[in-house]
1. If you build the Cα gyration tensor of segment 31-124 and take the root of 5 times each eigenvalue, what three semi-axes come out, in whole angstrom, biggest first?
2. Please list 3J(HN,Hα) in residue order for segment 55-64, calculated via the Karplus relation 6.51 cos²θ - 1.76 cosθ + 1.60 where θ = phi - 60°; whole Hz, with x for glycine and proline.
3. How would Tyr30, Tyr38, Tyr48, Tyr67 rank on accessible area, largest to smallest, probe 1.4 Å?
4. For Asp32, enumerate residues with amide H under 5 Å from its amide H, sequence gap 5+ or separate chain, H modeled in the peptide plane.
5. Send over a whole-number figure in Å² for the accessible area per residue of segment 31-124, probe 1.4 Å.
6. What list of ³J(HN,Hα) values in whole Hz, one per residue of segment 68-78 in order, does the Karplus curve 6.51 cos²θ - 1.76 cosθ + 1.60 (θ = phi - 60°) give from phi, with Gly and Pro shown as x?
7. Karplus couplings for segment 23-35 from phi (6.51 cos²θ - 1.76 cosθ + 1.60, θ = phi - 60°), rounded to Hz, Gly and Pro as x?
8. Any idea of Asp32's accessible area? Nearest 10 Å², probe 1.4 Å.
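The values are calculated or read from the model by the stated rules, or taken from the named source; none is laboratory data. Computed from a prediction, not measured in an experiment: that's the story for all the values here. We work out accessible area using only protein heavy atoms, side chains counted, and drop any ligands, DNA or RNA first. Shrake-Rupley method; radii C 1.70, N 1.55, O 1.52, S 1.80 Å.
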Amino acid sequence: MATGLLAVLFAGGVTNADPAPPRPPGSPQYIDHVEWVYTGDRATLRVYPTLWGWAASGVFTNGAQSYDAWAELMEHAPEANTLSMQKQFLCFWQLSSFTNPGKVGTWNLEPWRPVVANTIMINSGCNPGGPDDVLNW
């Protein structure tokens, strides 16, 4: 499965995101766990936020929390370090209560999604290029 995942992640000139900075000592745990799910030849990374992650995310979060949460995600799934995945994660982190009101469970990130401008990202509900392949409500 890992070989297939790497092919999906690096197909089509996917650009890596900047390396995540190390997390400060004593940082809260925002992510409980992650899980790769496959639908056909497409991969989805399901990110399961902790209660603290759900509470800390949102429009009033600060940039430090956003990037601390991203750094934590990189501890769970370092192979997800692409610009597309980072932009999806930050979109969900800041806007999930607006893009998916009432959703609990996961934020689904897909490596096959295109890198788009923030306006397009927001208008697509953090899922540019089409709907979720793996829905989990």
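1. Working: eigenvalues 69, 50, 36 Å².
For segment 31-124, the semi-axes come out at 19, 16, 13 Å.
2. 5, 7, 6, x, 5, 9, 5, 9, x, 4
3. Working: Tyr30 10, Tyr38 70, Tyr48 45, Tyr67 110 Å².
Per-residue accessible area, sorted high to low, gives Tyr67, Tyr38, Tyr48, Tyr30.
4. Result for Asp32 returns Tyr48, Thr50.
5. Working: 4190 Å² over 94 residues.
Per residue, segment 31-124 has an accessible area of 45 Å².
6. Computed from phi, the couplings for segment 68-78 are 5, 5, 4, 4, 5, 4, 5, 5, 7, 9, x Hz.
7. Result, rounded to whole Hz: 6, x, x, x, 5, x, 8, 8, 10, 6, 6, 10, 8.
8. Around 80 Å² of this residue is reachable by solvent.
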